[in-house]
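Visitor: This is the structure I have questions about; it appears just below.
Values in this text are rule-based calculations from the coordinates and carry no lab data. Remember, it's a predicted structure, so these values are computed and weren't measured experimentally. Methodologically, a virtual Cβ is constructed for each residue, glycine included, from the backbone with ideal geometry; neighbour enumeration extends over all protein chains shown.
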Amino acid sequence: ILYEFTWNQFCDWYLELTKPVMNGGTEAELRGTRHTLVTVLEGLLRLAHPIIPFITETIWQRVKVLCGITADTIMLQPFPQYDASQVDEAAL
């Protein structure tokens with residue numbers, strides 16, 4: 001599921017759909033798009049860390065600054081929890 005979401009949803013769809021915004025959106029659109037991209041990437045890194053720890057730690061060290069995280073390692077971050085309030089039923 002993690003692999004499918006990462007490649008077939010996040011990379012194939014969301015990243016591709018953000019390119020026009022990143023190349024010519026307003027400042028507010030750019031800020032919102034960047035925030036969403038980094039937030040989702042940081043969550044994906046936490047989910048993947050038990051499977052591929054070395055590369056996720058290396059990438060997370062760069063991403064944490066963008067997220068405002070001051071922890072020393074991804075290993076000290078909580079595993080993401082399901083939040084039903086974040087589900088958009090209309091999008092499903």
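Visitor: Taking Cα atoms, how many degrees apart are the long axis of helix 53-67 and the longest axis of the chain, rounded to 10 and kept between 0 and 90?
Guide: 50
Visitor: To make sure I understand, if each residue's beta carbon is the centre and we count other beta carbons within 10 Å, what order do His49, His35 fall in, fewest to most? Write out the running numbers ahead of the final one.
Guide: On the way: His49 20, His35 12.
Fewest-to-most ranking of His49, His35: His35, His49.
Visitor: Continuing with this model, one more query. Can you give the calculated 222 nm mean residue ellipticity of the chain, where each DSSP H run of n ≥ 4 adds -39,500 (n - 2.57) and the sum is split over every residue, rounded to the nearest 500 deg cm²/dmol? Don't skip to the answer; put the middle values down first.
Guide: Details: 3 runs with 46 residues, N = 92.
The per-residue figure over the chain is -16500 deg cm²/dmol.
Visitor: Let me ask something else. Can you sort Ile69, Ile1, Ile52 so the residue with the fewest Cβ neighbours within 10 Å comes first?
Guide: Listed from fewest to most nearby Cβ atoms, that is Ile1, Ile52, Ile69.
Visitor: OK, next. Got a sec? How would Arg34, Arg46 order by Cβ neighbour count within 10 Å, fewest to most? Working shown, then result.
Guide: Details: Arg34 14, Arg46 17.
In order of increasing Cβ crowding within 10 Å: Arg34, Arg46.
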